[in-house]
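The values are calculated or read from the model by the stated rules, or taken from the named source; none is laboratory data. All values reported here derive from a predicted model rather than from experimental measurement. Cβ atoms come from the backbone with ideal geometry, glycine included; neighbour counts cover every protein chain shown. To get the accessible areas, we keep the full protein, side chains included, count just its heavy atoms, and leave off ligands, DNA and RNA. Shrake-Rupley method; radii C 1.70, N 1.55, O 1.52, S 1.80 Å.
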Amino acid sequence: MDLGRNEDHPEPLNLRAELEDFHRALAPEYAQKGMEITFDGAGDGRVLADPETLQRILSNIAENSCKYGAKTLNITLREAPAFVSVTFADDGPG
(Lines give C-alpha, C1' and ligand atoms only; values in the text may rest on other atoms or scores of the structure.)
Protein backbone atom coordinates (compact mmCIF):
# COMPACT_ATOMS: atom_id res chain seq x y z
CA MET A 1 0.00 0.00 0.00
CA ASP A 2 1.31 3.44 -0.86
CA LEU A 3 0.94 5.41 2.34
CA GLY A 4 0.41 9.11 1.93
CA ARG A 5 -0.43 8.96 -1.77
CA ASN A 6 -4.18 8.65 -1.48
CA GLU A 7 -6.35 11.53 -0.42
CA ASP A 8 -8.67 10.52 2.39
CA HIS A 9 -12.28 11.65 2.63
CA PRO A 10 -13.35 10.55 6.11
CA GLU A 11 -17.01 10.17 6.90
CA PRO A 12 -19.00 8.62 9.75
CA LEU A 13 -19.07 4.84 9.27
CA ASN A 14 -20.68 1.91 10.98
CA LEU A 15 -17.58 -0.28 11.14
CA ARG A 16 -19.59 -3.39 11.90
CA ALA A 17 -21.61 -2.94 8.70
CA GLU A 18 -18.41 -2.32 6.69
CA LEU A 19 -16.79 -5.47 8.10
CA GLU A 20 -19.92 -7.54 7.53
CA ASP A 21 -20.09 -6.34 3.92
CA PHE A 22 -16.41 -7.15 3.43
CA HIS A 23 -16.88 -10.61 4.92
CA ARG A 24 -20.00 -11.34 2.89
CA ALA A 25 -18.36 -10.20 -0.36
CA LEU A 26 -14.95 -11.86 0.00
CA ALA A 27 -15.41 -14.96 2.16
CA PRO A 28 -16.60 -17.11 -0.80
CA GLU A 29 -13.68 -15.95 -2.98
CA TYR A 30 -11.11 -16.77 -0.31
CA ALA A 31 -12.81 -20.09 0.46
CA GLN A 32 -12.07 -21.10 -3.13
CA LYS A 33 -8.42 -20.23 -2.45
CA GLY A 34 -8.44 -22.45 0.65
CA MET A 35 -8.77 -19.80 3.36
CA GLU A 36 -11.75 -19.34 5.66
CA ILE A 37 -12.59 -15.80 6.77
CA THR A 38 -14.74 -15.42 9.87
CA PHE A 39 -16.23 -12.31 11.46
CA ASP A 40 -17.43 -11.75 15.00
CA GLY A 41 -18.68 -8.32 16.01
CA ALA A 42 -20.00 -6.68 19.13
CA GLY A 43 -21.37 -3.16 18.79
CA ASP A 44 -21.66 -0.91 15.77
CA GLY A 45 -18.19 0.56 15.95
CA ARG A 46 -19.02 4.08 14.86
CA VAL A 47 -15.85 5.64 13.43
CA LEU A 48 -14.76 8.48 11.20
CA ALA A 49 -12.90 6.90 8.26
CA ASP A 50 -12.53 6.94 4.50
CA PRO A 51 -14.55 3.97 3.16
CA GLU A 52 -12.26 3.40 0.15
CA THR A 53 -9.13 3.43 2.29
CA LEU A 54 -10.78 1.05 4.74
CA GLN A 55 -11.65 -1.39 1.95
CA ARG A 56 -8.07 -1.25 0.61
CA ILE A 57 -6.70 -2.00 4.08
CA LEU A 58 -9.09 -4.93 4.59
CA SER A 59 -8.32 -6.37 1.16
CA ASN A 60 -4.58 -6.01 1.76
CA ILE A 61 -4.78 -7.85 5.09
CA ALA A 62 -6.83 -10.70 3.60
CA GLU A 63 -4.56 -10.99 0.56
CA ASN A 64 -1.42 -11.08 2.70
CA SER A 65 -2.90 -13.74 4.97
CA CYS A 66 -3.75 -15.89 1.98
CA LYS A 67 -0.43 -15.20 0.22
CA TYR A 68 1.57 -16.33 3.23
CA GLY A 69 -0.27 -19.60 3.70
CA ALA A 70 -2.97 -18.87 6.29
CA LYS A 71 -5.92 -21.23 6.27
CA THR A 72 -8.06 -19.02 8.51
CA LEU A 73 -8.44 -15.29 9.05
CA ASN A 74 -10.54 -14.24 12.03
CA ILE A 75 -11.80 -10.66 12.17
CA THR A 76 -13.15 -9.46 15.52
CA LEU A 77 -14.82 -6.13 16.34
CA ARG A 78 -15.21 -4.97 19.92
CA GLU A 79 -16.62 -1.68 21.11
CA ALA A 80 -15.95 -0.03 24.46
CA PRO A 81 -17.19 3.35 25.67
CA ALA A 82 -13.99 5.14 24.68
CA PHE A 83 -12.70 3.11 21.70
CA VAL A 84 -13.34 0.55 19.00
CA SER A 85 -11.02 -2.42 18.49
CA VAL A 86 -10.66 -4.52 15.34
CA THR A 87 -8.44 -7.59 15.56
CA PHE A 88 -7.18 -9.67 12.65
CA ALA A 89 -5.73 -13.06 13.53
CA ASP A 90 -4.60 -15.72 11.10
CA ASP A 91 -2.84 -19.04 11.44
CA GLY A 92 -0.08 -18.20 8.97
CA PRO A 93 3.62 -18.63 9.73
CA GLY A 94 4.30 -14.98 10.63
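Candidate values [x] 77; [y] 218; [z] 105 were compared with volume of the Cα convex hull per residue in Å³ computed on the shown model; the agreeing label is [z]. Less than 16 Å from a label point 7 Å out along the Cα-to-Cβ axis of ALA42: which backbone N atoms in segment 71-93 qualify, by residue? Correct set: 75-88.
With a 1.4 Å probe and every protein chain kept in, tell me what percent of the accessible surface of the chain is carbon plus sulfur.
That share works out to 51 percent.
Sequence-distant contacts, meaning Cα pairs under 8 Å at least 6 residues apart, place the relative contact order of the chain at 29 percent. Highest GNM mean-square fluctuation among LEU26, LEU73, LEU58, for the chain modelled with Cα contacts below 10 Å: LEU26.
Stretched out straight at 0.36 nm per residue, the stretch from ARG24 to ILE57 would grow longer than its current Cα-Cα span by 10.3 nm. What the chain shows is 64 Å² of accessible area per residue, with the surface traced by a 1.4 Å probe over protein heavy atoms.
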